[in-house]
Amino acid sequence: MNHRDPPGIIAPHIPADAYRRAEATGAPVVIVVQTTDRTGRPLRHYLFPIAVAGAATMGVFGLVAAFLALLDFAAHTAAAIGGVAGTLGIGGISLKLARPTGK
């Protein structure tokens, strides 16, 4: 007689004599598994909106950082031009862009 254990992870829950009788006679073995439904929403329903909001936040932070870097560059450029140019006159109106460093 060939002795085999029932297959799968549910096998230990089938009585051995019922399994061997079904195997010998060719009758089907009906396995009833009782499960409970989940009461809440799965985590993936919350993960996607959080990921999109996080990406949008990082994008806004990047735009703000780029804007501030552009303003810093413009301020340094204006200071350098003002220091080199001295007095700027247009149509009879002269404007001193920077104070002289020495007299």
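The values are calculated or read from the model by the stated rules, or taken from the named source; none is laboratory data. Keep in mind that this is a model prediction, so the values were computed, not measured. Glycine also receives a Cβ, built like all others from the backbone with ideal geometry; neighbour counts cover every protein chain displayed. Calculation scope for accessible area: heavy atoms of the full protein, side chains included, ligands and nucleic acids excluded. Shrake-Rupley method; radii C 1.70, N 1.55, O 1.52, S 1.80 Å.
Under the simplified labelling scheme, the ASP37-THR77 pair shows an inter-label distance of 6.4 nm, with each label point 7 Å from Cα along Cα→Cβ.
Extension gain for TYR19 to TYR46 (0.36 nm times residue separation, less C-alpha to C-alpha distance): 5.3 nm. Once the Cβ-Cβ distance of ILE93 and ALA66 is raised to the sixth power relative to R0 = 35 Å, the FRET efficiency obtained is 0.50. Counting only protein chain heavy atoms and rolling a 1.4 Å probe, the accessible areas of HIS76, HIS45 rank, largest first, as HIS76, HIS45.
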